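See below for the structure under consideration.
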Amino acid sequence: MIKKIIFFIPNIDDGGIEKNLITLSNFFIVKNYSVKIIYSRITKNIKNKLSSKISLVKSKEVLNLNFLNPRINNSINCFIYLFV
């Protein structure tokens with residue numbers, strides 16, 4: 001039976017957490033896990049470093065709350081996407 005792992009990271013920019021995401025995701029792929037990353041925004045640099053076997057799922061914009069910071073708006077939309 002294949003074990004599945006889902007990473008929920010709404011905003012994937014270049015930084016420390018993202019380096020850990022790359023390391024962990026690629027490690028689990030090598031160990032024959034099914035890896036899925038749910039995101040709202042990802043940089044091209046990070047996308048290129050992830051294994052092609054990783055399933056990248058872009059959340060849809062459910063709410064557009066212009067009065068909030070875009071990072072918070074992305075987080076809310078990703079969270080809603082998980083349950084819709």
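Here the label points at D13 and I80, each 7 Å from Cα along the C-beta direction, are separated by 2.3 nm in the simple model.
Going toward the positive end of the dipole of the chain, with +1 on Lys and Arg Cβ and -1 on Asp and Glu Cβ, which of I29, I12, S75 do you reach last? Selected residue: I29.
L65 to I6: FRET efficiency via 1/(1 + (r/R0)^6), r the Cβ-Cβ distance, R0 22 Å, to the nearest 0.05?
The value I calculate is 0.35.
Taking amide H as placed 1.01 Å from N in the peptide plane, S34 has its amide H under 5 Å from the amide H of K3, K4, I5, each at least 5 places away in sequence or on another chain. Only DSSP H runs of four or more residues enter the estimate; each adds -39500 (n - 2.57), and after division by the residues of the chain the mean residue ellipticity at 222 nm equals -13000 deg cm²/dmol.
Using only C-alpha positions, report the orientation-averaged shadow area of the convex hull of the chain, nm², one decimal.
With the hull built on Cα positions only, its mean projection is 5.8 nm².
Between I42 and I12, the built amide H atoms are under 5 Å apart, and every one of these is 5 or more places off in sequence or on another chain. Karplus-based coupling profile of region 60-77, in residue order and whole Hz: 7, 7, 8, 10, 10, 9, 4, 7, 9, 4, x, 5, 5, 4, 4, 5, 4, 5, with θ = phi - 60° in 6.51 cos²θ - 1.76 cosθ + 1.60 and x standing for Gly or Pro. Listed by Cβ neighbour count within 10 Å, with the fewest neighbours leading, L50, L56 appear as L56, L50.
Excluding same-chain pairs closer than 8 in sequence, count the lysine pairs in the chain whose Cα atoms lie under 14 Å apart. Number of lysine pairs found: 14. Evaluated with a Cβ-only charge set (Lys, Arg +1; Asp, Glu -1), the chain carries a dipole of roughly 340 debye about its Cα centre, given to the nearest 20. Taking region 1-22 and a reference point 7 angstrom along Cα→Cβ of S34, the backbone N atoms nearer than 15 Å belong to 1-7.
Coordinate-derived values only; no laboratory data. As the structure is a prediction and not an experimental result, all values here were calculated from the model. Quick reminder, even Gly has a Cβ in these numbers, built from the backbone with ideal geometry, and neighbours come from all protein chains shown.
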